[in-house]
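One structure is given here, and the rest of the page talks about it.
The values are calculated or read from the model by the stated rules, or taken from the named source; none is laboratory data. Just so it is clear, the structure is predicted and the values come from calculations on it, not from any experiment. Ideal geometry is used to build each Cβ from the backbone, glycine not excepted, and the neighbour counts take in all protein chains shown.
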Amino acid sequence: MSTQQAPVERADFDRVMVPNYAPAAFVPVRGMGSRVWDQSGRELIDFAGGIAVNALGHCHPALVQALTEQAQKLWHVSNVFTNEPALRLADKLIKASFAERVFFSNSGAEANEAALKLARKVAHDDFGPQKHEIISTVNSFHGRTVFTVNVGGQPKYSEGFGPRPEGITHVPYNDIAAMEKAISSRTCAVILEPIQGESGVLPADLAYLQRVRELCEQHQALLIFDEVQTGMGRTGKLFAYEHYGVEPDILTIAKSLGGGFPVSAMLTLERYAKHFSVGTHGTTFGGNPLACAVGGAVIDIINTPTVLQGVLERGEILTQRLQQLGEKYGVFQQVRGKGLLIGAVLSEAWQGKAAQFLAAAEKENLLVLMAGPEVVRFAPSLIIEPTEIEEGLQRFERAVQKITENDETNK
Ligand SMILES: *Cc1c(COP(=O)(O)O)cnc(C)c1O
């Protein structure tokens, strides 16, 4: 059934695409489990997971089945109608979390946009327009829409796009005193990543999240956890907040939820959800049957003791081995994170050179990520085979060896 397609190559990117990305020199064409093949047939091991998205690797048979079965039945109806896969997935998410209500969207930014709008609406309805301030943290990442990028705490992403939305404050992460000082009766929400992902895989302190939870109660502000990156088993619990025993009022998830199919969700309690009455918010594609059918298969597989325990075990191995490697070659000062969201923080001598590690790994046929210029990030499939972890680590060691050998030329 395959139709003849025009040949394309990496060079075409510069001709046809908006230049906001700088993709690698090769073009992946196929993936299976934790391996990816490019146009030339070269095989790479995937420790990047499409930026913490391919939680069950590439083309997992159960996901392919869920997607193709749904593809034969019903693709899209819009939210003028509900659909079976969306209702089933929402029910599974509720049963597995603190939440009582679900809103589906298509990306992390959109789930956060919904969360922030909901928090503002709740405060507006219950307390009036003066209660609209949002507190976020320095270096946080919440997406790229104009609103979410301004809530995020990285000015390099939010500068140059005209007037900023008002009522957003940024405080240093893990700084209790700063949060105590910033929060007030005007605060409608505090938004936090339990582990700051994009800016360096930096976990929150337990005492910090506990205190922020208390402060939100005191000031009748909603606590939003952005688990777009940490959610859906990535850290060895279904949601990272479970490690802390601190529950949010609103939770956002996306990346791993569809295992590669775009879908996101905002989860909350009934008493807040009711403020999004008919017509107050919406999206054409959110809760799409194809996306939710895949999401349902993803959660069925991930939310099992075997898989979650497996994430912790794999994370332990990977972390230990990276620590050893860091010591042997003097490249890392710390390896941090939880489960299979791991950040190797470059040592003094290698500051700002994470991109070199990515390039060197790719030459050894291994995909890894960065999380800012100081951190090499690892976010492989949650069910990556232990033998593939081993093989990937060997490739990574070869990359590190080469980088450190060429030390002089690289510096
Ligand atoms: C990736 C990410 C987002 C943005 O998700 P998109 O799907 O790119 O919009 C938001 N928050 C966190 C914590 C993320 O890691």
Task: Test: residue in segment 63-79 that is buried (at least 24 other Cβ atoms within 10 Å of the Cβ) and closer than 30 Å to Leu209 by Cβ - done: no
Task: Test set (1) away from the ligand (no atom under 16 Å from the Cβ); (2) under 27 Å from Pro380 (Cβ atoms); (3) surrounded by fewer than 23 Cβ atoms within 10 Å (Cβ to Cβ) - Glu217 fails condition number - done: (2)
Task: segment 375-411, subset closer than 18 Å to Val335 by Cα and among the acidic types (Asp, Glu), residue surrounded by the fewest Cβ atoms within 10 Å (Cβ to Cβ) - done: Glu390
Open item on the list: Tally up the residues in segment 259-271 that are buried (at least 20 other Cβ atoms within 10 Å of the Cβ) and touching a strand residue (DSSP E or B) at 6+ places or on another chain (Cβ under 8 Å), please.
Closed with: 7
Task: Selection from segment 29-52 of residues that are among the aliphatic types (A, V, I, L, M), within 18 Å of Ser264 (Cβ to Cβ) and crowded, with 23+ Cβ neighbours inside 10 Å - done: Ala52
TODO: Examine segment 103-119 for a residue that is more than 16 Å from the ligand (Cβ to nearest atom), closer than 19 Å to Tyr272 by Cα and not in a helix (DSSP H, G or I), and state whether such a residue exists.
DONE: no
- [ ] Please work out which residue is surrounded by the most Cβ atoms within 10 Å (Cβ to Cβ), limiting yourself to segment 141-155 and to residues that are assigned to a helix (DSSP H, G or I) and within 16 Å of the ligand (Cβ to nearest atom).
- [x] Val151
- [ ] Scan segment 40-54 and report the pairs whose first residue is within 19 Å of Leu257 (Cβ to Cβ) and touching a residue at least 12 places away in the same chain (Cβ under 8 Å) and whose second residue is within 16 Å of the ligand (Cβ to nearest atom) and assigned to a strand (DSSP E or B), with Cβ atoms within less than 6 Å and a gap of 6+ or a chain change.
- [x] Ala48/Leu369
TODO: Only residues that are aliphatic (A, V, I, L, M) and either within 21 Å of Glu316 (Cβ to Cβ) or outside the structural domain of Lys131 (by TED's automatic domain parsing) (or both): list them for segment 210-257, please.
DONE: Met232, Leu238, Ala240
- [ ] Check Gly372, Gly310, Gly279 and return the single one that is modelled with pLDDT of 95 or more and either surrounded by 23 or more Cβ atoms within 10 Å (Cβ to Cβ) or in the same structural domain as Asp91 (by TED's automatic domain parsing) (or both).
- [x] Gly279
Task: Matching residues, segment 346-366, being under 15 Å from Phe396 (Cα atoms) and in contact (Cβ under 8 Å) with a residue 24 or more places away in the chain - done: Leu346, Gln356, Phe357, Ala360, Ala361, Glu362, Lys363, Glu364, Asn365, Leu366
- [ ] Starting from residues that are polar (S, T, N, Q) and part of a loop (DSSP other than H, G, I, E, B), keep the ones in segment 210-262 and report whichever is nearest to Ile302 (Cα to Cα).
- [x] Thr235
- [ ] State whether one or more residues within segment 91-101 are surrounded by fewer than 22 Cβ atoms within 10 Å (Cβ to Cβ), in a helix (DSSP H, G or I) and β-branched (Val, Ile, Thr).
- [x] yes
